[in-house]
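These notes are about the structure you will find just below.
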Amino acid sequence: MNLAESLLHALKDHGAQELFGIPGDFALPFFKVIEETKILPYYTMSHEPGVGFAADAAVRWNSGLGVAVVTYGAGAFNMVNAVAGAYAEKSPLVVISGAPGAAEARRGLLLHHQAKTLDSQIRVYQEITCDQVILDNAERAPQDIARVLRRCREQARPVYIEFPRDMVDQPCAPVVRDRPRPVDPDAVAACADEILARLKEADSPVLMAGVEIRRYGLEDKVEDLAKRLGLPVATSFMGRGLLADADVPFIGTYIGLAGNPEISQKVETSDALLLLGVILCDTNFGVSERNIDMRYAIQVIDREVRLGHHVYQDIPLGALIDALLERAGPAGDTKRMPPPIEYPRGLEADEEAISPTDLARAVNDLFDAHGTMPIASDIGDCLFTAMDIQLTPLTGPGYYAGMGYGVPAGLGLQATSGERPIILVGDGAFQMTGWELGNCRRYGWDPIVLLFNNASWEMLRAFQPEAGYNDLDDWRFADMAAALGGVGHRVATRSQLKAALDAAHAERGRFQLIEVMIPRGVISRTLDRFVKAYAAKRGKG
Ligand code: S1T
Ligand code: MG
């Protein structure tokens, strides 16, 4: 076996189901092995940000490993933003970059794709990955690969593998899985006991589910725990879509002042807020009515548990949840189930202009008629609108908030799951990576894309109404769909929207691009509350 084969087998053994990439001369030898061995299916995209976003979304769905393979320099540097977003939002993404071979590195010439020095790239990636390795020694490679893949999974963060092109064919032993980091069972037990004691004495405990429960494949166990402890469940903004099919007393997604006031009240007044895998960030907590008193919260993230002034180190989320389940009684007297959440439904198919809430209504009606579909969303008002769509698995850059995620993420989601997704994207974000739709025909992907075309960077306008630079041109995106292999619909009234969505859902095999014209200044109620809350908080200094 050669080093490339050993690496590909290791990726598969650690949960990778496919890889995404764009070759270059420094990566051609590796791509040759990828194609010839068929160890993992692979998909090439058109621009490296799309490679990173697609691989990131794939692993958010399959909880295995996302794999992005690029060439040195021009390729890898092009993907930095997507990997930074994966790091911030705790996505176990493996970045593999081709690289110059030893002999050419020693020649003393500046090499093409080289920026400053030959190790500039790994230095940049050190800032957005949890471990890195250069595969320049076939003897050591198996244990190095085992280490970085273990850390990628354990920390649910990206790792960086630099693969010199002269090492691809080197004979190499198979990779043997690293032993997981040892866990102290007594520490886990003490932590679980203290958490349960805290929950028991509380009057209004709430469990908030965050992204780590997905990254570690723990949704079923968290559903069981919530039922056994009789805890009402909320998700963070980033965690929207988690526990979508779970039978738990779900109270909704917490987005502070931007969200449903009843949900905010329950979360912010809880005297035992159990934050399971929740990223403590401004989009999750920045616009709270009152800063949640973290002394009463139980924070479980990044293998650390904080209860008041107590901190437990090196407690894996999975081990803790197992310990809690061992101690929790049978399904408790599920306290009064909260009332079901009312989502907007029943789109009036009339000649009125379309608002973001109408879009949510149309999707809810479609789901009621045909069943839910997974959603990949970009940042922009489309993600805020998703809060009005009934619960379904959703992936979106709810914390890092990098534009361009939506379309490639939807393609990565369909590649790994085989499920047809709905993609929500604004016109500004579509201008960045929407063209990846041109790759659907080759791979048989057929997402339904809802493009919020307000010819505007509307989210920015909401924050800075006087700025003229938020006015975008109307690119007439639907006209371009056929040339890319899909079907375009341009709609401006609610009856046109309903007809287009029904037609799009009825046709399989081609992507459907529904360009929804939305008047400038018409935003979702969630974005409206978000902006007002931010302005109010800023006003308070
Ligand atoms: N560039 C990238 C890669 N990501 C970003 N988030 C931004 C810039 C800043 C930014 C926003 S929201 C926004 C920009 C430019 C406008 C989005 O426009 P569009 O996709 O049309 O959606 P909508 O019209 O619904 O706003 C965030 C706040 O930083
Ligand atoms: Mg826009």
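Cα to Cα, under 25 Å, and not fewer than 8 places away if on the same chain: which lysines meet these conditions relative to Lys266?
Partners within reach: Lys200, Lys221, Lys227, Lys335, Lys532, Lys537, Lys540.
In debye, nearest 20: dipole of the chain around its Cα centre with unit charges on the Cβ of K, R (+) and D, E (-)?
Rounded to the nearest 20 debye, it is 520 debye.
For Val487, enumerate residues with amide H under 5 Å from its amide H, sequence gap 5+ or separate chain, H modeled in the peptide plane.
Phe511, Gln512, Leu513
Along the Cα→Cβ direction, 7 angstrom out, place labels at Asp13 and Ile341. What is the inter-label distance in nm?
4.1
Calculated from DSSP H runs of 4 or more alone, at -39500 (n - 2.57) each and per residue, what is the 222 nm mean residue ellipticity of the chain, nearest 500?
-11000 deg cm²/dmol
Please check which bits of the stretch 378-394 a label hung off Glu419 would reach, taking the label as a point 7 Å along Cα-to-C-beta and the cut-off as backbone N under 20 Å.
Counting backbone N atoms under 20 Å from the label point, the list is 378-379, 383-394.
Which value in nm describes the separation of the simple spin-label points at Asp220 and Arg441, placed 7 Å from the Cα toward the beta carbon?
4.1
Pull out the extension gain between Asp314 and Arg520, defined as 0.36 nm times the separation in residues minus the alpha carbon to alpha carbon distance; nm, one decimal.
Length gained, Asp314 through Arg520: 69.2 nm.
Note down the net charge around Asp245, summing +1 for each Lys or Arg and -1 for each Asp or Glu among other residues with Cβ under 11 Å from its Cβ.
Charge balance in the 11 Å sphere: -4.
Could you list which residues have their amide H under 5 Å from that of Val67, counting only those 5 or more apart in sequence or on another chain, with H placed in the peptide plane?
Amide H neighbours of Val67: Phe20, Val94.
Per residue of the stretch 428-445, what does 6.51 cos²θ - 1.76 cosθ + 1.60 with θ = phi - 60° give for ³J(HN,Hα)? Whole Hz please, x for Gly and Pro, Karplus curve as stated.
Once θ is set to phi - 60°, the couplings for the stretch 428-445 become x, 5, 5, 4, 7, 10, x, 6, 4, 4, x, 8, 5, 4, 4, 10, x, 7 Hz.
Pop a pseudo-label 7 angstrom from the Cα along the beta-carbon direction at both Glu139 and Ala331 and give the gap in nm to one decimal.
In this crude label model, Glu139 to Ala331 measures out at 5.9 nm.
If Lys and Arg each add +1 and Asp and Glu each add -1, what is the summed charge of the other residues whose beta carbon sits under 11 Å from the beta carbon of Ala386?
Result for the local shell: -2.
Starting from the amide H of Thr253, placed 1.01 Å from N in the peptide plane, find each other amide H under 5 Å away whose residue is 5 or more places distant or on another chain.
Long-range HN contacts for Thr253: Thr235.
In debye, nearest 20: dipole of the stretch 185-336 around its Cα centre with unit charges on the Cβ of K, R (+) and D, E (-)?
Magnitude of the dipole: close to 200 debye.
Putting +1 on Lys and Arg Cβ atoms and -1 on Asp and Glu Cβ atoms, find which of Tyr443, Leu472, Gly428 reaches farthest to the positive end of the dipole of the stretch 428-488.
It is Tyr443, whose Cα lies furthest towards the positive end.
DSSP loop (so not H, G, I, E, B), at most 16 other Cβ within 10 Å: list which trypsin sites (Lys or Arg not before Pro) in the stretch 1-87 pass both filters.
Lys38
So what does log10 I(q)/I(0) come out to for the chain at q = 0.09, 0.10, 0.12 Å⁻¹, using the Debye formula with one equal point on every Cα and no solvent?
Each listed q maps to, in turn, -0.68, -0.84, -1.16.
Out of all DSSP beta bridges in the chain, what portion is antiparallel? Express it as a percent rounded to 5.
DSSP beta bridges in the chain are roughly 15 percent antiparallel.
Lys498: which lysines have alpha carbons under 24 Å from its alpha carbon, excluding same-chain residues fewer than 8 sequence positions away?
Filter leaves no residues.
Where nothing but the Cβ of Lys and Arg (+1) and of Asp and Glu (-1) is charged, how large is the charge dipole of the stretch 1-58 around its Cα centre, in debye to the nearest 20?
In debye, rounded to 20, the stretch 1-58 gives about 80.
What is the sum of charges around Arg179, taking Lys and Arg as +1, Asp and Glu as -1, for the other residues whose C-beta is under 12 Å from the C-beta of Arg179?
Once all neighbours under 12 Å are counted, the net charge is +2.
Each residue of the stretch 403-412 in order: what ³J(HN,Hα) in whole Hz does its phi give by Karplus 6.51 cos²θ - 1.76 cosθ + 1.60, θ = phi - 60°, with x for Gly and Pro?
6, x, 6, x, 5, x, 5, x, 6, x
I'd like the trypsin sites (Lys or Arg not before Pro) in the stretch 121-213 restricted to DSSP loop residues with at most 13 other Cβ atoms within 10 Å, sorted by number.
Hits after loop and neighbour filter: Arg140, Arg177.
Restricting the count to DSSP beta bridges whose residues both fall in the stretch 356-531, what percent are antiparallel, rounded to a multiple of 5?
DSSP beta bridges in the stretch 356-531 are roughly 5 percent antiparallel.
Please compute the length gained on full extension between Asp169 and Ala482, using 0.36 nm multiplied by the number of residues separating them and subtracting their Cα-Cα distance.
So the chain would gain 108.4 nm between Asp169 and Ala482.
Using a 10 Å cut-off on Cβ atoms, rank the peptides 41-49, 420-428 from the highest mean neighbour count down.
420-428, 41-49
Each value in this text was obtained by applying a stated rule to the coordinates, not by laboratory testing. Remember, predicted model here, so these are calculated numbers, not experimental data. Heads up, the Cβs are rebuilt from the backbone with ideal geometry, glycines too, and the neighbour counts pull from every protein chain shown.
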